[in-house]
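**Q** Before I ask anything, here is the structure I am working with.
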Amino acid sequence: MWVRELAEFLAKKGIEVLLDQWDLDFGDDIAAFMERSIVDTDRVLVICTDNYIAKANAGAGGVGYEKTIVTAEILRDPDNRRKFLPIVRNVIGEQRMPTFFGAALYADLSDEKDNSTVRSDIVRRIYEVPLTKPEIGPSRFVPENGPATVTASENDETLPSLRGQDRTVIFSNKFAQAFPGVRGIQWFDQADVITNRLEILLKPPLLYQEGHLLGWWRGSRNLQIEQFKHIERSHFLMNVDELNICKIAAVNAGQYYQSFVYVQTKADPPTGLYDTDAEILDREVEDFGFAREEYGLVDDNLPVTRAEYDDGAAVIEGKPVNIGGRVTLRVRYLTPYNFLIAPYTSPINNDAFDEPLENYLNKLLESNDIFDAMCEDIMRLPKISWKL
């Protein structure tokens, strides 16, 4: 009964649990189920009781067979040792775990120690979210690190370091702050709510010594996210792109490293700098899934053509004027547009998925109800190990 209650607790935390009480029926091959449960899963919780320890050490019955599979997995790849999480439960004897675990670290969920703190630690380890190490402060005994040392400020050009953390871990923490309590998929369509959530998610720093934290994913048009700014109402500036965001979806439907945010925008009116009749827009939508225009913005208020931006000069009030240092590039979307926000080490950063992702996003702009199908495909993408 207790094991089932623990399994229900983990399921409520978004963890898919394979349990014999749920997944075995009369006539099923128990040995095959045990082997599949150990080999094909990401994590295995081994509940260590006095009875289990005795049977494992003696190699008796089903527990003995399970011990053989576990030992083979560890021998095949020593890194698999972390796959197995020993849980000690009301052990009276001197030996807390079976011999094959050696001196492994374990969680104690005995009656008097079974609490939310220990359970939360187990959930964190299942999700592979490491504890954040504190930064090392200055030492009064080392002169170059003493109180006289100038620390980096927001205006300092020194970039922060990831300090060995995977980008998915940092993004997961940002996601949790921006979308607390979200499990599965949750939509947001109110401008003030969208602003609040995205400003938390995309709060600097977005650039580290090791590179950019986040990607802006759209298949063949993937970009890094360098900056994000709220302009007014539903309008935002991401890098140089003007976004009139109408809705977002926070997706937390799998492991911590699979979370992402879907963003969809409304069309903005053209600047009037170019010929943008309906036929031209339709052709761009057919070719790319959306239509956009690039232009320059002088002194934050005067639009000029992309060609004038490139030349660093524009005709203003009938006269050529040098606009160098006064003009910034802008991109405006003339039809609805969409993309995903996810860390650079997300499974979404997968060349083989670029074309399927672009097809999904284009169809979503056509009002095709395929959002769940896209999410399911993303959840099936393999986790990738990245070197920082």
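The values are calculated or read from the model by the stated rules, or taken from the named source; none is laboratory data. All of these numbers come straight from a predicted model, not from anything done at the bench. Backbone-built Cβ (ideal geometry, glycine too); neighbour counts: all protein chains shown. Keep in mind that these areas ignore ligands, DNA and RNA; they rest on the heavy atoms of the full protein, side chains included. Shrake-Rupley method; radii C 1.70, N 1.55, O 1.52, S 1.80 Å.
**Q** Give the range of the longest stretch in the chain that excludes all GluC sites (Glu not before Pro) found in loop regions by DSSP and having at most 16 other beta-carbon atoms within 10 Å.
**A** Here the longest run is 227-316.
**Q** Go through the stretch 203-254 and name the trypsin sites (Lys or Arg not before Pro) that are in a DSSP coil and have 12 or fewer other Cβ atoms within 10 Å of their Cβ.
**A** R233
**Q** Now, a different point. What's the FRET efficiency of D28 with E355 using the Cβ-Cβ distance as r and R₀ = 25 Å, to the nearest 0.05?
**A** The pair D28/E355 has a calculated efficiency of 0.05.
**Q** Can you spot the lysines whose alpha carbon is less than 16 Å from K67's alpha carbon? Ignore those fewer than 8 places along the same chain.
**A** K55, K83
**Q** Under 10 Å, Cα contacts only: if you run a Gaussian network model on the chain, which one of Q95, Q255, Q227 comes out with the highest mean-square fluctuation?
**A** Q95
**Q** Computed on alpha carbon atoms, what radius of gyration and Dmax characterise the chain, expressed in Å?
**A** Values for the chain (Cα only, Rg and Dmax): 27.1, 94 Å.
**Q** Okay, moving on. What accessible area per residue, rounded to a whole number of Å², is obtained for the chain using a probe radius of 1.4 Å?
**A** So the chain comes to 57 Å² accessible per residue, rounded to a whole number.
**Q** At a Förster distance of 25 Å, what's the computed FRET efficiency of A278 paired with E366, Cβ-Cβ distance as r, to 0.05?
**A** With a Förster radius of 25 Å, E is 0.90.
**Q** Can you flag which of K203/K383; K247/K363; K174/K363; K203/K229; K229/K266 are past 21 Å Cα-Cα?
**A** As for pairs spanning more than 21 Å Cα to Cα, those are K203/K383; K174/K363.
**Q** Then there's this: Can you tell me which of D192, D108, D28 moves the most in a GNM of the chain? Springs connect C-alpha atoms under 10 Å apart.
**A** Ranking D192, D108, D28 by mean-square fluctuation puts D28 first.
**Q** OK, next. Would you look at the GNM of the chain, springs on alpha carbons closer than 10 Å, and say which of A342, A104, A178 moves the most?
**A** The residue that fluctuates most here is A104.
**Q** Of all chymotrypsin sites (Phe, Trp or Tyr not before Pro) in the stretch 194-236, which ones are in loop regions per DSSP and have a Cβ with at most 16 other Cβ atoms within 10 Å?
**A** Hits after loop and neighbour filter: nothing returned.
**Q** How high is the FRET efficiency between L223 and I92 when r is their beta carbon distance and R₀ equals 51 Å, given to the nearest 0.05?
**A** The formula returns an efficiency of 0.30 here.
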